[in-house]
Number of protein chains: 2
Amino acid sequence: MDLYEILMKRRSVRDFEDKEIPDEIIDKILDAALSAPTGGNIQPISIIVVRGEEAREKLDGILGNQPWVKRAPVSLIFCLDFHRAKRWASTFGTDFSGERAVWHFLIAYADVMCASQNAAVLAESLGLGSVYVGAILSKIDKTRNFFDIPEYVLPMMILSIGYPKTIPKNIPKLERDIMVHKEKYEWRTDEELRAAYENKYGDFDETAEDYLKRAYIEAIEADKQGNLGRVEYIKGQLDKLAIKSNAEFLFKVRYPSEAMVELNEEITGSFRKAGFNF
Amino acid sequence: MDLYEILMKRRSVRDFEDKEIPDEIIDKILDAALSAPTGGNIQPISIIVVRGEEAREKLDGILGNQPWVKRAPVSLIFCLDFHRAKRWASTFGTDFSGERAVWHFLIAYADVMCASQNAAVLAESLGLGSVYVGAILSKIDKTRNFFDIPEYVLPMMILSIGYPKTIPKNIPKLERDIMVHKEKYEWRTDEELRAAYENKYGDFDETAEDYLKRAYIEAIEADKQGNLGRVEYIKGQLDKLAIKSNAEFLFKVRYPSEAMVELNEEITGSFRKAGFNF
């Protein structure tokens, strides 16, 4: 299978076999991650490799509702790391102020994601499956605390990797033409946008289970793996809020707008506690 | 060549043949990008495909000092796009407030980078070369203006792609052991950090040209491609600031700490102008 096929078929896997990944495979994945492009070749990245039972349990406890992190034989915590360069620079009497510079933060986060996507793609090509867990963004303090992460280092993303037990079917996507613009941004009409999303999500008018299978597989997987109650909770919300459209489901049930905004304080507070200030 | 080799050998290419990339190759690259993982399957991404002479010239003018963007037959502007989801939601009387939520911003930017790295990796496997241009982050206003980019959309990264004329030799990297941590963050001593960086960059005590070839290839490439004066300027700075270490070079000459912090206002100002407020 060529790389194009691999990239097109890749789906997040949350259901892993209880099977170790050999060290040499993990090393290859790490090397691929660390060989990703990095702005100015600064390499402001650290990867914490979580394989032990204790750390997996703990990470599961910190994150909540993400049982795949415990089940996956390996989770990689991708950190944005200014501690290393800062300390190195200071031994030469030089200041690296990445923690005060939005520029450095944004480029370093891009580096983090290039590295993690290299890892995800290589894992896929080796017959492994993986899932990103961004929920760590609202658990930065606890993660830093447990994993002994120094100042100026932010755990930004988890990639959990393992041998897939089941792989989700293709999930609905917007078509290329609505996301790609030729030469300039091509504004679409409300009607075109609605049609594009309807094309993606299909009708809302069906049973909750069928809908969730397509539009919120995480809830179903979480239940299957022991977090019972997730699907029931969502179904309750659908009723209670009288959800009647895909858009309402997404931004009232799954990512309720105000609740997402309320996370700001938590996230920026964690940034400040880690010494970031911009 | 298997994917591991491709990822390990990949180097940023800034020197492109004057040769078009066929449409079907570009479409494949775009499809691979759009098939990348995206948090909650929200797909808050737009890609502007820049191929025309006028837009390439303009982009070059906006960025400055990055002649490869004009030379590359294709540049992809990867945008974080909340405009589309927001307008779609509003047609259902629903509010998507990504522009006020740090969470949504951070996850969406991760999505943008997963997409662009998929594009970079596929391009590489097809015999193309590419280079990321993050300098767009300090030119968001001008880019939004020229490319007719709506509110709630931020151009975050450029990937310029073409057939490589020359490919840089391997560039120095930190070794895996200094960037990877087992189970917990492994703190290193100042001496270990210094040794790791010395191992990466080598001695500072050599001719400026030799040093730049290894540590700042962009300056040399920019000169070769017509931005004459870049290398002379850097050499002047090395003398003037009496730079005597790799760390000083990096954070006094190449990314002067205070100058980087001073960009904050520009970048956050652009975010605000695009309707972002968190």
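For the reader, a short list of remarks on this structure follows.
- Relative contact order for segment A:3-168, counting Cα pairs under 8 Å that sit 6 or more residues apart, in percent: 38 percent
- Pseudo-label separations to other copies for B:Thr268 - Cα-to-Cβ vector, 7 Å, nm: 0.8
- Relative to the longest principal axis of the Cα atoms of chain A, the long axis of helix A:23-34 makes an angle of roughly 90 degrees.
- Averaged over the residues of peptide A:170-180, the number of Cβ atoms from other protein chains lying within 10 Å of each residue's Cβ is 5.
- For chain A, relative contact order (Cα pairs under 8 Å, six or more residues apart, normalised by length) works out to 24 percent.
- For the residues of A:52-58, the average number of beta carbons from a partner chain within 10 Å of their own beta carbon is 1.
- Cross-link table A:Lys86/A:Lys139; A:Lys224/A:Lys273; A:Lys200/B:Lys273; A:Lys142/B:Lys200; B:Lys213/B:Lys273, entries beyond 29 Å C-alpha to C-alpha: A:Lys224/A:Lys273; A:Lys200/B:Lys273; A:Lys142/B:Lys200; B:Lys213/B:Lys273
- Shape of segment B:1-156, Cα gyration tensor, a/c cut at 1.5: oblate
- In this Cβ point-charge picture (+1 for Lys and Arg, -1 for Asp and Glu), segment B:203-261 has a dipole of about 160 debye about its Cα centre.
- Centre separation in Å (Cα based) which lies between segment B:62-102 and segment A:179-242: 22 Å
- Taking amide hydrogens as placed 1.01 Å from N in the peptide plane, the amide H of B:Met156 sits under 5 Å from those of B:Phe78, B:Cys79, B:Leu80, each at least 5 positions away in sequence or on another chain.
- Estimated 222 nm signal from helices in the protein assembly as shown, with DSSP H stretches of n ≥ 4 weighted -39500 (n - 2.57), rounded to 500: -14500 deg cm²/dmol
- Estimated FRET transfer efficiency (B:Lys244, B:Lys184; beta-carbon r; R0 25 Å; 0.05): 0.10
- Rounded to 10°, Cα long-axis angle of helix A:230-240 versus longest principal axis of chain A: 50 degrees
- Backbone HN-Hα couplings from phi across segment A:243-249 [Karplus 6.51/-1.76/1.60, Hz, Gly and Pro as x]: 5, 10, 8, 4, 5, 5, 4
- Three-way shape label, segment A:203-261, alpha-carbon gyration tensor, a/c 1.5: oblate
- Dipole in debye (nearest 20) - the protein assembly as shown, about Cα centre, beta carbon charges: Lys, Arg +1; Asp, Glu -1: 360 debye
- DSSP beta bridges confined to the protein assembly as shown are antiparallel in about 90 percent of cases.
- Separation in nanometres of the label points that stand 7 Å from Cα toward Cβ, at B:Tyr4 and A:Asn227: 3.3 nm
- Here A:Arg56, B:Arg14, B:Arg51 are placed in order of increasing Cβ neighbour count within 10 Å, fewest first, which gives B:Arg51, A:Arg56, B:Arg14.
- Working note: Karplus 6.51/-1.76/1.60 with θ = phi - 60° gives segment B:5-21 the couplings 4, 4, 5, 6, 8, 4, 10, 5, 9, 10, 10, 10, 5, 7, 8, 5, 9 Hz, where Gly and Pro are set to x.
- Peptides B:154-167, A:174-187 ordered by packing proxy, namely the average of other Cβ atoms within 10 Å per residue, highest first: B:154-167, A:174-187.
- For B:Glu198, label point 7 Å along C-beta direction: distances to other copies, nm: 6.9
- For A:236-249, mean number of other protein chain Cβ atoms within 10 Å: 2
- Nearest-0.05 FRET efficiency for B:Asn65 and B:Lys165, computed from C-beta distance (R0 22 Å): 0.70
- Within-9-Å neighbourhood charge of A:Ala55 [Cβ basis; K, R +1; D, E -1]: 0
- Calculated FRET efficiency for the pair A:Thr268/A:Asp95, C-beta based, R₀ 25 Å, to 0.05: 0.60
- Each of B:Asp148 and B:Asp210 was given a label point 7 Å from its Cα along the Cα-to-Cβ line. The distance between the two points is 5.4 nm.
- Between copies, the label points of A:Glu54, set 7 Å from Cα on the Cα→Cβ line, lie 6.5 nm apart, reported in increasing order to one decimal in nanometres.
- Look at where the Cα atoms of segment B:1-44 and of segment A:248-278 average out, and the two centres are 31 Å apart.
Each reported figure results from applying straightforward, stated rules to the coordinates on display, with no laboratory input. These numbers were taken from a predicted model, which means no experiment stands behind them. Neighbour counts are summed over all protein chains in view; Cβ atoms, including those assigned to glycine, are modelled from backbone coordinates with ideal geometry.
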